Amino acid sequence: MDKIQQQDSVQIKLYQPSFQDEWNRYILKSPDSVFGHHLGWKDVVAETYGHKPFYLMGFKDNAVVGILPLFLIKSFIFGKCLVTSPYLTFGGLVSDDEDVAAALIDQAIQIAHIEKVRYIEIRNEKPIVYSLQNKSVYCTLVLNLSLGIKKIWHSSLHPSTRRNIQKACRSGLAVVEGHDYLKYFVDINARNMHRLGTPAHDYRFFSNIIRYFPESTLLMVRFKRTFIGGMFLVYFKNTVLMPWIASLQSYFHLRPNNLLYWEAIQRADEKGYRFFDFGRSKQNSGTYRFKMQYGAKPVQLYYQYYLNSVHKIPNFDPENPVFSFPVSVWKKMPVFITKRIGHRIIRNIP
């Protein structure tokens, strides 16, 4: 059905292709929209993993006043759930006011009851005023590029970070750009995730991102004739986002990640972007401190939950002791096997 609920003056409708222009206009004008709200992400997730979208839109006087992009995830590992912007760290509810937000969540809860999901997870940069359970252990780290690249180099970067970038350059590392290198990145990313005990996305996932986001950038770092690392970048409004980076551990001493970050920051500045988003980290973790050394500032993320048939917030952090055994098993499996089955598992971990 087109209109699925009306609450006071707010009409909640399920997205359909005829609403594409209205959705796009809304996310472009809203100050709170992010990359995860782009309809291209809906297509990437649906085509790669087959999850069903429930993209909700709020209307007042025939104008869009809010959106809530949800996916129904049927996980053989964790059960059924509704999640915003799966496989990204944030991109949840956006609305013009609290009444619209409440109407959107009310409709999401109705869908949760109908679909018999365990919970709803909404990933936002700003908390929603609603009776939800909250988890706020993550930040995304953002560098303001308006400082200028020279000031960032001399004032924002930690001295050790500058030394590591210079070491990478002296070691003969070279950065190249192009989607044609995707197969090398997918292989390196799979090997890196295997080292960490986590399944990785396969070639189809990243090729679908390129298909729906042709402006995306793939940077690869090479040592002599060998690719040793890569970084996949996407763009939204005035921000460059870095959701995926990987390097081979045997070359860590050459500091490939330091060089990749610096190259990406310089290119973002040259293209006129205002912010560089380093991606999510747990507060005070090793990756959190690493990103802070580039002058990035933490932006709190708010994961909020409606618990439908469970009594506590799910904890899917790899550091959760519950996952210690499967993580250790994954690390011991041959890489060729983890590459073959990894996408089937990560499909169930949004």
Working only within the range 147-175, note down all residues that are hydrophobic (A, V, I, L, M, F, W, C) and closer than 18 Å to residue 230 by Cβ. 165, 168, 169, 173, 174, 175
Enumeration of residues in the range 136-155 that are touching a residue at least 40 places away in the same chain (Cβ under 8 Å) and buried (at least 17 other Cβ atoms within 10 Å of the Cβ): 138, 139, 140, 141, 142, 143, 145, 152
Residue pairs, Cβ under 7 Å, 6 or more apart or interchain, first in the range 12-31 and at pLDDT 95 or above and surrounded by fewer than 19 Cβ atoms within 10 Å (Cβ to Cβ), second among the β-branched types (Val, Ile, Thr) and part of a strand (DSSP E or B). List them. 14/4; 22/64; 30/94
Counting only residues that are closer than 15 Å to residue 290 by Cβ and of a type in the set (Val, Ile, Thr), which one in the range 236-266 is nearest to the chain's Cα centre (by Cα)? 245
Could you check residue 209 against (1) over 15 Å from the mean Cα position of the chain (by Cα); (2) among the aliphatic types (A, V, I, L, M); (3) more than 24 Å from residue 290 (Cβ to Cβ) and say which number it fails? (1)
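The values are calculated or read from the model by the stated rules, or taken from the named source; none is laboratory data. The structure displayed is predicted, hence computed values, not measured ones. For neighbour counting, all protein chains shown are included, and Cβ atoms are generated from backbone atoms with ideal geometry for every residue, glycine included.
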